[in-house]
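To keep things clear, I will list the structure first and then write my remarks on it.
The values are calculated or read from the model by the stated rules, or taken from the named source; none is laboratory data. Just so you know, these numbers come straight off a predicted model, no measurement behind them. Cβ atoms come from the backbone with ideal geometry, glycine included; neighbour counts cover every protein chain shown.
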Amino acid sequence: MKKTAKYMTIMVLFGAIATASVQAHCQVPCGIYDDEMRVKMMYEHVTTITKAMQQIEAGQNANQTTRWIMNKEKHAEEIIELVSDYFLAQRIKEGMDHYEDNLKTLHQIIVYSMKCKQTTDVANAKKLSEAIHKLEHTYFGEKHQH
């Protein structure tokens, strides 16, 4: 009986691990990064968030509104995870050019993502997009403007 319980626990843990969503690049020093792609992903998320806000405000039926709210929340959360798991944990390092500016901008991105989760005010999505644009400017420099 104890063996069965132990095996069941292990199977549940493996199942949880297998179904867990991994959004950011691995956190090992492999050196394989695509920063530009991650910024493009953030812009795509903002576009989806903006559309969701507009659809929610349009006042569709309860089912569709619920789906748009869940979608908006999911995309805002993915931006937050990208910023924290990818940029803050792996890419932004003390001593690099514009370190403090990058930290402040990444914090703004997290805050505006949170505000997008809390409201349907498209102004928050616009500010989020502007913060991502600012990150491009400070992180990549002048040549990589969106």
Next on the checklist: For segment 82-122: of the residues being polar (S, T, N, Q) and modelled with pLDDT of 95 or more, which is farthest from Gln55 (Cα to Cα)?
Outcome noted: Thr105
Item to check | Candidates Ile49, Ile79, filtered to the one that is closer than 17 Å to Asp34 by Cα, in contact with a helix residue (DSSP H, G or I) (Cβ under 6 Å, 6 or more places away or on another chain) and not basic (Lys, Arg) | outcome: Ile79
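Each row is one residue, and each column tells you yes or no for (1) of a type outside the set (Gly, Ala, Ser); (2) not in a helix (DSSP H, G or I).
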residue: Asn63; (1), (2): yes, no
residue: Ala76; (1), (2): no, no
residue: Glu94; (1), (2): yes, yes
residue: Gln108; (1), (2): yes, no
residue: Lys115; (1), (2): yes, no
residue: Ala125; (1), (2): no, no
residue: Leu135; (1), (2): yes, no
Checklist entry - Residue check, Phe140 against (1) crowded, with 17+ Cβ neighbours inside 10 Å; (2) closer than 16 Å to Arg38 by Cβ, all met but one. Which one? => result (1)
Next on the checklist: Being under 18 Å from the mean Cα position of the chain (by Cα) and among the basic types (Lys, Arg) is the filter here; which residues of segment 88-135 pass it?
Outcome noted: Arg91, Lys104, Lys115, Lys117, Lys126, Lys127, Lys134
Checklist entry - Within segment 96-106, restricting attention to residues that are part of a helix (DSSP H, G or I) and not β-branched (Val, Ile, Thr), which residue is nearest to Arg67 (Cα to Cα)? => result Leu106
